Every structure is written in structure tokens, then in C-alpha cells.
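Working notes for the structure below.
The values are calculated or read from the model by the stated rules, or taken from the named source; none is laboratory data. Everything numeric here is computed off the predicted structure, so don't read it as measured data. Glycine gets a Cβ as well: all are built from the backbone with ideal geometry, and neighbour counts include every protein chain shown. With ligands, DNA and RNA removed, areas are computed over all heavy atoms of the protein, side chains included. Shrake-Rupley method; radii C 1.70, N 1.55, O 1.52, S 1.80 Å.
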Amino acid sequence: LTIKNGTIVNRAAGDYSDGIYAFYESSDEQHQSNNLNLTLENVTLDSRTQGIAVQGLTSNSNVTLKSCIVTSDELGIYYPPKSGTLSIENTSITAPTGIVIKGSNVNISGNTTITANGEEVIPEDYYNGSTSGDNSLTLTGDAIYVESGYNDRDITLEITEGSFISENGRAVR
């Protein structure tokens, strides 16, 4: 899916008011959730919960943001897939927590600015992907938060350019 030049707003009440929740469901259970490619170019996302979220059970989940604006009342981007690449270039992200990375590869370049304006939370427990409601997503107040709560995936983060600001937490934790 490629989206160019537009605005996506989700301010609905309830648990999930994400701008985009990237999840590919295949009828073939062996390949369910795999091989997702999402590109946003010159898109503004405004959400109550997460600007962009990717399902954590996916493999080969690739998300590209070029010249986008992402704002959220909770989390800018949640990226936990087993494999794939999140590429962010010339993009502005503003949220209480900027990006939570829990898997795969993340590349940040160009004139990218990530601003976190939430309260600092030093995590004691990590989100393990449970859907039972007994464990919640870790929001830290950091611009970029890398968390290894899943034990079945590698994480790489490459930053070649950008500004990372946390008003109350850390730029990168």
C-alpha cells in the first residue's frame, strides 16, 4: 500500500484510535501477517493512540515514511515485527513517546525530528506482547525507546541524521 499527499485522522473513543494499524492477514495461516509493505509520502497522521502501529507477530513488515507529519496523544510509532525495516526520512513525529522499537531494523535519516513531550517513565516491566490485558505497552516519554521484551527477534537502529528531543525523558533509551 502506498499513500501520497493526504491526511489521516483518527480521534475515535475506545482502546485503539490509531492512524494506521499495519497488519496483513492472509488466508494461508503459514504466511499470515507476513510480507507487508506500507509507504507514506507527504502524509499527515493525527491519532489519539498511535500514529502508526505494526502487529508484533509479523515478518517482513516494511514501513517507509518520507516527508510525513505524525502526531499522537500517546505514541508516534510502535514497531515490533520479527523482521522488516522501518525507514523514516524528512519526517516530523510529535507524541508523549516518539517511537517504541521492539524488533527488526529502523533507519532514520534526513531532516527528521522526533519530539517526545510525555512524562518520563522508567520501565520496571516490559511489554511482552500479551493480549490478555494484564500487560500494557511501555510509554516512557523518550523520543526513541528500544525495548527487547520479545526474545525471538533482533533489533538494529541506524541514525544518520535528525533531531531527537525529549522534554522529560531521554532522547534515546
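Here are the numbers for this structure:
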item: Contact order relative to length of the chain, as percent, for alpha carbon pairs under 8 angstrom and 6 or more apart; result: 17 percent
item: Under-5 Å amide H pairs with Asn107, H placed in peptide plane, nonlocal only; result: Leu86, Ser87, Ile88, Glu158
item: Cα→Cβ-extended label distance, 7 Å offset, between Ile155 and Arg170, nm; result: 1.1 nm
item: Whole-Hz ³J(HN,Hα) from phi, Karplus 6.51 cos²θ - 1.76 cosθ + 1.60, for the range 34-42, glycine and proline x; result: 9, 6, 9, 10, 10, 10, 10, 9, 6
item: Extension reserve of the Ser163-Asn5 stretch, reckoned as 0.36 nm per residue once the Cα distance is removed; result: 54.5 nm
item: For the range 57-65, Karplus couplings with θ = phi - 60° (6.51, -1.76, 1.60), whole Hz, Gly/Pro x; result: 8, 7, 10, 6, 9, 10, 10, 10, 10
item: Among Leu40, Ala116, Thr140 - extreme Cα towards positive end, dipole of the chain, charges at beta-carbon; result: Leu40
item: Tail beyond 27 Å, pair distance distribution of the chain (Cα, percent); result: 17 percent
item: Inter-label distance for Asp15 and Thr39, nm, one decimal - labels placed 7 Å from Cα along Cα-to-Cβ; result: 3.4 nm
item: Size of charge dipole - the chain - debye, nearest 20, with Cβ of Lys, Arg +1 and Asp, Glu -1, no other charges; result: 420 debye
item: Of all accessible heavy-atom area on the chain, the percent that carbon and sulfur account for (1.4 Å); result: 42 percent
